[in-house]
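To start, the structure itself, in structure tokens.
The values are calculated or read from the model by the stated rules, or taken from the named source; none is laboratory data. Being a predicted model, the structure only gives us computed values, none of them experimental. For neighbour counting, all protein chains shown are included, and Cβ atoms are generated from backbone atoms with ideal geometry for every residue, glycine included.
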Amino acid sequence: MSYGYKQRAWSNRRGFSAIELLVVIALAGIIAAIAIPASAPAVGGYRLAGAARAVSYDISLAKMRAAANFTRARLQVDLASGSYRLQTWNRSTNAWTTEGGIEQLPPGVWFGFGALTSAPPNTQAAIGQAATCLDDASTALALLGLAFPAPPAGTACVLFNSRGVPVDTTGAPTGAGAIYLTDGSTVYGTTVAATGMTQLWWTRAGVASWVRQ
């Protein structure tokens, strides 16, 4: 190949001009501006569903811990901070012991059920978070059958006795335990029947049309 032909071949090879690159960048920006807002609700929905399943799993795990260790166990929820933890009762120290650390709800998800007024079918008589948690001293009194002070608001506990049966703060079996989460548009709820069966539900925030998961 002659030198002159090589020069002509190289001169015919040209890259993108600055204007062409700017057009491509602008088109990519427009597509991103359209796609990101459209995908945001889907991402938020996956985040809420994942958090609800994690809470539901920990409630079931609390039941297994109670029966396996022959003690009380619970899922303790801090409604204000959006955190929760699995705890077992240590009979030696008369104190609740946290297992696995404190879990935090993802951004945009909080404990609540919005304006809903009806619980999932055949569960609670009236929708509501589980009973407020007792501290160490009050739990020790309750286990002895003694009176204990009313616990301060702000927490919710799904509590199981040493046989894995859901109970209230006095130790009486109950089927009223539930934990609800929402992102403002959808509500998930985990209910615990008096038999100990745990069920996960969801519905739109505006209407109580519960669907079991």
Legend entry - Single unsatisfied condition, residue 139 versus (1) surrounded by 19 or more Cβ atoms within 10 Å (Cβ to Cβ); (2) part of a strand (DSSP E or B); (3) not small (Gly, Ala, Ser): (2)
Inset, instruction - Count, please, the residues in the stretch 144-155 that happen to be surrounded by 15 or more Cβ atoms within 10 Å (Cβ to Cβ) and either farther than 22 Å from residue 53 by Cα or basic (Lys, Arg) (or both). - result: 2
Inset, instruction - For residue 80, state whether it is under 15 Å from the mean Cα position of the chain (by Cα) and of a type in the set (A, V, I, L, M, F, W, C). - result: yes
Legend entry - Close pairs from the stretch 156-179: first surrounded by fewer than 23 Cβ atoms within 10 Å (Cβ to Cβ), partner among the acidic types (Asp, Glu) and part of a loop (DSSP other than H, G, I, E, B), Cβ under 7 Å, at least 6 apart: 174/168
Legend entry - Check on residue 205, among the aliphatic types (A, V, I, L, M), surrounded by 16 or more Cβ atoms within 10 Å (Cβ to Cβ) and under 27 Å from residue 67 (Cα atoms): no
Legend entry - Number of the exception - residue 195 against (1) modelled with pLDDT under 95; (2) of a type in the set (Val, Ile, Thr); (3) not in a loop (DSSP other than H, G, I, E, B): (3)
Inset, instruction - For the stretch 101-118, state whether one or more residues are touching a Pro at 6+ places or on another chain (Cβ under 7 Å) and more than 24 Å from residue 199 (Cβ to Cβ). - result: no
Legend entry - Residues being surrounded by fewer than 23 Cβ atoms within 10 Å (Cβ to Cβ) and among the β-branched types (Val, Ile, Thr) - total across the stretch 56-85: 1
Legend entry - Condition check for residue 152: out of contact with any strand residue (DSSP E or B) (no Cβ under 6 Å at 6 or more places or on another chain), at pLDDT below 95 and in a loop (DSSP other than H, G, I, E, B): yes
Inset, instruction - Among the residues of the stretch 57-85, count how many are part of a strand (DSSP E or B) and of a type in the set (Val, Ile, Thr). - result: 1
Inset, instruction - Determine the pairs where a residue that is closer than 16 Å to residue 49 by Cβ, located within the stretch 97-108, has a partner that is of a type outside the set (D, E, K, R) and in a loop (DSSP other than H, G, I, E, B) with Cβ atoms under 6 Å apart, the partner being 6 or more residues away or on another chain. - result: 105/82
Inset, instruction - Go through the residues of the stretch 188-195 one by one and say whether even a single one is surrounded by fewer than 17 Cβ atoms within 10 Å (Cβ to Cβ) and either farther than 15 Å from residue 56 by Cβ or not hydrophobic (A, V, I, L, M, F, W, C) (or both). - result: yes
Legend entry - Selection from the stretch 86-123 of residues that are assigned to a strand (DSSP E or B) and surrounded by fewer than 19 Cβ atoms within 10 Å (Cβ to Cβ): 90, 95, 97, 98, 99, 100, 101, 102, 103, 104, 110
Legend entry - Flag if residue 84 is touching an Asp or Glu at 6+ places or on another chain (Cβ under 8 Å) and modelled with pLDDT of 95 or more: yes
Legend entry - Any hit, the stretch 36-56, residues being out of contact with any helix residue (DSSP H, G or I) (no Cβ under 9 Å at 6 or more places or on another chain), of a type in the set (Ser, Thr, Tyr), modelled with pLDDT of 70 or more and not in a loop (DSSP other than H, G, I, E, B): yes
